[in-house]
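The values are calculated or read from the model by the stated rules, or taken from the named source; none is laboratory data. Bear in mind that the values here come from a model prediction, so they are computed numbers and not experimental data. Cβ coordinates were reconstructed from backbone atoms using ideal geometry, including for glycine residues, and neighbour counts include every protein chain displayed. Heavy atoms of the whole protein, side chains included, go into the accessibility calculation; ligands, DNA and RNA do not. Shrake-Rupley method; radii C 1.70, N 1.55, O 1.52, S 1.80 Å.
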Amino acid sequence: MLVRSFQLSDYVSVTNLFKQVLTEACYDETMEAFARQLSWDSELVLVAIEEDQLVGIIVGTIDNHNGYYYRIAVGQEFQRRGIGKALIEGMRQRFVQRKVRKIMVTVDVHNETVIPVYESAGYQATDFSRTTHRLSIVNG
């Protein structure tokens, strides 16, 4: 498996993945935020590729010198294989390179179910941001 920066040629695969794993309300919000993050800093959008297929994505952002994991998605048939952890680690490395002060996990009603993935990657309750912090209004 390869974790790399998003490329424009990934757009259709990312859209299909988000449609597969996110609710309709979450999909709409995520696509808006995804587009904004690409316009601000596409290096904070990572994808996981396995056998030439896009199987996962993570979107991060930096605000006020803090790094935030915004949304993670892994194709249903590829879950529970370490792909989410690899994406989280790849984004963590990007945050460290950018010298963020603190790394937080943005938690909203749409991603409560993925908290255990972040916990298994070493994050704790104190690392979760349950505020109204939304990528769509944050400029990294």
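Residue-wise test of (1) over 14 Å from GLY60 (Cβ atoms); (2) touching a residue at least 24 places away in the same chain (Cβ under 8 Å); (3) not acidic (Asp, Glu).
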site: PHE78; (1), (2), (3): yes, yes, yes
site: GLY84; (1), (2), (3): no, yes, yes
site: GLU89; (1), (2), (3): no, yes, no
site: GLN93; (1), (2), (3): no, no, yes
site: ARG98; (1), (2), (3): no, yes, yes
site: PRO116; (1), (2), (3): yes, no, yes
site: THR126; (1), (2), (3): yes, no, yes
Within the range 67-92, the residues that are over 15 Å from the mean Cα position of the chain (by Cα), of a type outside the set (Asp, Glu) and either open to solvent by less than 40 Å² (accessible area, probe 1.4 Å) or farther than 17 Å from ALA121 by Cβ (or both) are GLN76, PHE78
Among what's in the range 85-140 and is in contact with a helix residue (DSSP H, G or I) (Cβ under 9 Å, 6 or more places away or on another chain), of a type in the set (Lys, Arg) and at pLDDT 85 or above, pick the residue that is nearest to LEU2 (Cα to Cα).
LYS85
Kindly indicate whether any position in the range 4-16 is closer than 19 Å to TYR118 by Cβ and at pLDDT 90 or above.
no
Scan the range 49-66 residue by residue and report those that are under 16 Å from GLN20 (Cα atoms) and either in contact with a helix residue (DSSP H, G or I) (Cβ under 6 Å, 6 or more places away or on another chain) or open to solvent by less than 10 Å² (accessible area, probe 1.4 Å) (or both).
LEU54, VAL55, GLY56, ILE57, ILE58
